[in-house]
1. Tally up the residues in region 104-117 that are at pLDDT 95 or above and exposed (fewer than 14 other Cβ atoms within 10 Å of the Cβ), please.
2. Out of region 34-67, which residues are open to solvent by less than 60 Å² (accessible area, probe 1.4 Å), assigned to a helix (DSSP H, G or I) and free of Cβ contacts under 8 Å to residues at least 40 places away in the same chain?
3. Somewhere in region 99-109, is a residue of a type in the set (Val, Ile, Thr) and either in contact with a strand residue (DSSP E or B) (Cβ under 7 Å, 6 or more places away or on another chain) or within 30 Å of Ile13 (Cα to Cα) (or both)?
4. Please work out if Gly26 is within 14 Å of the chain's Cα centre (by Cα), open to solvent by less than 80 Å² (accessible area, probe 1.4 Å) and modelled with pLDDT of 90 or more.
5. So which residues in region 5-18 are open to solvent by 100 Å² or more (accessible area, probe 1.4 Å) and over 29 Å from the mean Cα position of the chain (by Cα)?
6. Name the residues in region 71-82 that are open to solvent by 40 Å² or more (accessible area, probe 1.4 Å) and touching a helix residue (DSSP H, G or I) at 6+ places or on another chain (Cβ under 8 Å), would you?
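The values are calculated or read from the model by the stated rules, or taken from the named source; none is laboratory data. Keep in mind that this is a model prediction, so the values were computed, not measured. Positions of Cβ are generated from backbone atoms using ideal geometry, with glycine treated the same way; all protein chains shown enter the neighbour counts. Calculation scope for accessible area: heavy atoms of the full protein, side chains included, ligands and nucleic acids excluded. Shrake-Rupley method; radii C 1.70, N 1.55, O 1.52, S 1.80 Å.
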Amino acid sequence: MKTIIKILIAIAILNASARVGMAAAGYYQLKDASQELVTFGAQASPGDIQNHILQKAQGFSVPLGLGDIEVTRDGLRTTAKASYTEGVEVFPDYIYPINFRFSVEALSMAGLNGGTN
């Protein structure tokens, strides 16, 4: 009987670890995609970048809303910030809320050649 209980506990821990890992993987995929959008989106408006980040979040099944994303541009520097809470079922019928937050930025080199080619 002790062995069965130990196996069930091990399975529950593995299940929780896998679910938390999948939530973290979605976070890192979104953060990486956002960095790419900011880095190569010098010609896109902040609103367009924000919409692209939202589309990426939906593709990664990340519960991010348009109001959870802030994209700003100050001169050549573009910054994107996002934060969201994802409920992860770590045990049957027990959902643990995990807060995710990131900020990525990039400096555009377009227009820095000073008019010389």
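1. 0
2. The answer is Pro46, Gly47, Ile49, Gln50, Ile53, Leu54, Ala57.
3. Within region 99-109 (the criterion being of a type in the set (Val, Ile, Thr) and either in contact with a strand residue (DSSP E or B) (Cβ under 7 Å, 6 or more places away or on another chain) or within 30 Å of Ile13 (Cα to Cα) (or both)), the answer is yes, since at least one residue qualifies.
4. The answer is yes for Gly26.
5. Correct list: Lys6, Leu8.
6. Thr72, Arg73
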